[in-house]
Amino acid sequence: MTEKKVILDLDTGVDDALALAYAIANPTIDLIGVISSYGNNTQVQTTENSLKLIDLFKEDIPVYPGANHPSGVDDFQVMPVSKQIHGDNGIANLTLPIPTHSPAPLAGSDFLIQAVHQYGKNLTYIPTGPLTNLAIALKKDPEIANLIGHITLMGGALTVEGNVTEAAEANIYQDPEAANIVFTAGFPLTMVGLDVTLRTLLTKKETAKWRRLGSRASKFYADLTDFYIDAYADLDIDKQGCALHDPLAVSVAIDPTFISTISLPMKVVTKGDNYGRTIGDKSRLMNKTDVAEVATNVDAERFLNSFMDEMTNFLVNF
Ligand code: RIB
Ligand code: CA
């Protein structure tokens, strides 16, 4: 089985934590590093969360510190709703031991550039938070747009409303300027947005299955996800279960047949009422090259079965 070299760029976050476990569990992924981002919490907190989760799985994957604020401003405040959905610490207010590793001594954007030059087309980059790190890397080294294998990002909303405003999804809303740079740079890119992720719901029936496995990690992930499911119900996002936003991006990176897509040159609105909206760029409609694959539908049942199989077989071991 050929392994893909993969980098996750996470704002860890409950669904980022699910995506991390799912990526580690997947035998076709060689996770060479995690880059952290501000987003669901501060960059310092999301870095710590990723390090703790990697310890939980007895892995030795480096975590490279990424941006701690959006482009064009000097600071970052966690949105109150992020704390409601992910907890004050990003991982449902649960505690894990102090990490055994420190963050790696290299900026996330520099690690990404190095990895692109080392692995080229065999490298897949999966950002599931704001796109600030990727925009910084591109500014430092524009060649990466031609060299990288693929980018499969969780973010945006093409055919449905946003989840922060009518127009904007959270990861894009955090830094629309960075997202617009990424969408217009010519990267080979797949956008996995709310159009599809809101159709992938995990319920307490599934988390109960994890809890019954009885391992430390399976109980931790059941509690983590139940907090997120409760927040979805309390905030009236969905009463049935929680959306698997970030895990779906990982899944699609490995098997694009989980989704159907429309090929479209994309841009992000950076001003006005539609601030943060991801939309087709009329001025580039005739372009053949810088076209994104934008997910419009998902085989949710097949994805959920695959997600549950991988996670259940994995969590029981830790
Ligand atoms: O809009 C959903 C996205 O925003 C997910 O990636 C979630 O973790 C938050 O970052
Ligand atoms: Ca995320």
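Assorted remarks:
- From the list Thr42, Thr46, Thr2, the one residue that fits, being among the polar types (S, T, N, Q), modelled with pLDDT of 95 or more and over 23 Å from Arg216 (Cα atoms), is Thr42.
- Gly72 being within 13 Å of ligand 2 (Cβ to nearest atom) and either part of a loop (DSSP other than H, G, I, E, B) or polar (S, T, N, Q) (or both): no
- Output for the stretch 47-66, where each listed residue is over 15 Å from Ile7 (Cβ atoms) and either in a helix (DSSP H, G or I) or within 16 Å of the chain's Cα centre (by Cα) (or both): Glu48, Asn49, Leu51, Lys52, Leu53, Asp55, Leu56
Every residue, every condition in (1) in contact with a Lys or Arg (Cβ under 9 Å, 6 or more places away or on another chain); (2) over 28 Å from Thr2 (Cα atoms), yes or no:
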site: Thr203; (1), (2): no, yes
site: Phe227; (1), (2): no, yes
site: Asp246; (1), (2): no, no
site: Lys267; (1), (2): yes, yes
site: Thr278; (1), (2): yes, yes
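- The residue of the stretch 9-56 that is nearest to Leu198 (Cα to Cα), among those that are within 11 Å of ligand 1 (Cβ to nearest atom) and among the β-branched types (Val, Ile, Thr), is Val14.
Conditions tested, residue by residue: (1) more than 23 Å from Asn40 (Cα to Cα); (2) surrounded by 23 or more Cβ atoms within 10 Å (Cβ to Cβ).
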residue	(1), (2)
His86	no, yes
Asn93	no, no
Pro97	no, no
Tyr119	yes, no
Pro127	no, yes
Asp141	yes, no
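- Exactly one residue out of Leu31, Leu10, Leu51 is over 20 Å from Gln174 (Cα atoms) and either small (Gly, Ala, Ser) or touching a helix residue (DSSP H, G or I) at 6+ places or on another chain (Cβ under 6 Å) (or both), and it is Leu31.
- Members of the stretch 155-211 found to be β-branched (Val, Ile, Thr) and over 23 Å from Val298 (Cα atoms), listed by number: Thr165, Ile181, Val182, Thr184
- Apart from one condition, Ser36 fits all of (1) more than 16 Å from ligand 2 (Cβ to nearest atom); (2) more than 19 Å from Asp223 (Cα to Cα); (3) touching a strand residue (DSSP E or B) at 6+ places or on another chain (Cβ under 9 Å); the exception is (1).
The values are calculated or read from the model by the stated rules, or taken from the named source; none is laboratory data. Bear in mind the structure is a predicted one, so any value in this text is a computation, not a measurement. Ideal geometry is used to build each Cβ from the backbone, glycine not excepted, and the neighbour counts take in all protein chains shown.
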